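Just so you know, all these numbers are worked out from the coordinates, no wet-lab data involved. Because the structure is a prediction, the values reported are computed rather than measured. For neighbour counting, all protein chains shown are included, and Cβ atoms are generated from backbone atoms with ideal geometry for every residue, glycine included.
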Amino acid sequence: MSSLRFLAEMHVFGILIHPWKIVGLTGSLVFGLRFMIQWIASERARKSVIPFGFWECSAIGSLLMLSYFALYQRDSVGVISTAMPLPIYLRNLYFRYTHHQAKHAGNQPRPAE
């Protein structure tokens with residue numbers, strides 16, 4: 001039974017690590033990776049773009065952090081700060097999955113310069 005206790009809770013560099021903390025840290029990492037994805041996509045395009053992966057990382061990271069703050073920490077500030085922008089991320093994913101063709105000229109690709 002003591003070996004299972006090691007899996008449930010351990011100290012790494014003096015910091016208590018447990019499954020809920022791993023959920024929260026993973027959410028924070030995924031959420032932070034969205035900026036790296038956006039930066040790489042913008043560098044490749046040679047202009048500012050927001051790739052699809054940005055919205056996926058935003059939604060997944062927010063859901064993981066929301067579960068950490070709501071279920072484990074029960075921190076209203078954390079819940080509000082992660083839940084407020086979540087509908088925007090989910091709406092952009094919805095647009096991506098349901099709308100395949102541009103509806104107006106603003107969505108057309110830019111002509112080559």
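Which of SER62, SER81 has the fewest other C-beta atoms within 10 Å, and how do the rest follow up to the most?
SER81, SER62
For the pair VAL49 and THR98, what calculated FRET efficiency results from E = 1/(1 + (r/R0)^6), where r is the Cβ-Cβ distance and R0 = 25 Å, to the nearest 0.05? Each step should come with its number before you reach the end.
Details: r = 21 Å, r/R0 = 0.82.
After rounding to 0.05, the efficiency reads 0.75.
Run the simple label-point estimate for ALA70 and ILE88 please: 7 Å along Cα→C-beta, distance reported in nm.
The two pseudo-label positions are separated by 1.9 nm.
With a point put 7 Å past each Cα toward its Cβ, work out how far ILE40 is from HIS11 in nm, to one decimal.
Result for the modelled spin labels: 3.7 nm.
ILE17's amide H: which non-local residues (gap 5+, or another chain) put their own amide H closer than 5 Å, with H modeled 1.01 Å from N in plane and none for Pro or chain starts?
MET10, HIS11, VAL12
Given the C-alpha atoms of the stretch 18-97, compute the convex hull and give its volume per residue in Å³.
That works out to 85 Å³ per residue.
Report the gain in length on full extension from ILE80 to LEU25: 0.36 nm times residue separation, minus Cα-Cα distance, nm rounded to one decimal.
Gain on stretching ILE80 to LEU25: 18.0 nm.
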